[in-house]
Amino acid sequence: MNPQPEEDLQQRLQKLEAEINSSSRRKYQPDATQVSFSEQIATWFNSLSGTGKLVAASVGILLGIALLQAALKFVASAISLALLAGLVYFGYKIIVSSSRQGK
């Protein structure tokens, strides 16, 4: 048996263990240069002219209203569907119970 490959494997194993241990001890530290999305939007908005700010704010308000309207329509549709399902269920129960009494 040749001890050289076994020693080489042991060295590699120790190297990998040391690398794993050192990388697991490191914690994620965000870069100081990273800027959040809201800060980017605020910077962009503040760089606009007065008219640009008015237009951007108007578009934002319109988009917000459209999203709110869509969400309310979705909720109203869900409620309508639940009521319709309830009516169908009770109608079915009435028809089935009346057909059983008629027999």
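The values are calculated or read from the model by the stated rules, or taken from the named source; none is laboratory data. Remember, it's a predicted structure, so these values are computed and weren't measured experimentally.
Sort through 62, 84 and tell me the only one that's at pLDDT 95 or above and farther than 26 Å from residue 42 by Cα.
Values: 62 fails: farther than 26 Å from residue 42 by Cα.
Just a single option satisfies the conditions, and that option is 84.
Could you list, in sequence order, the residues of the stretch 21-49 that are modelled with pLDDT under 85 and in a helix (DSSP H, G or I)?
21, 22, 23, 24, 25
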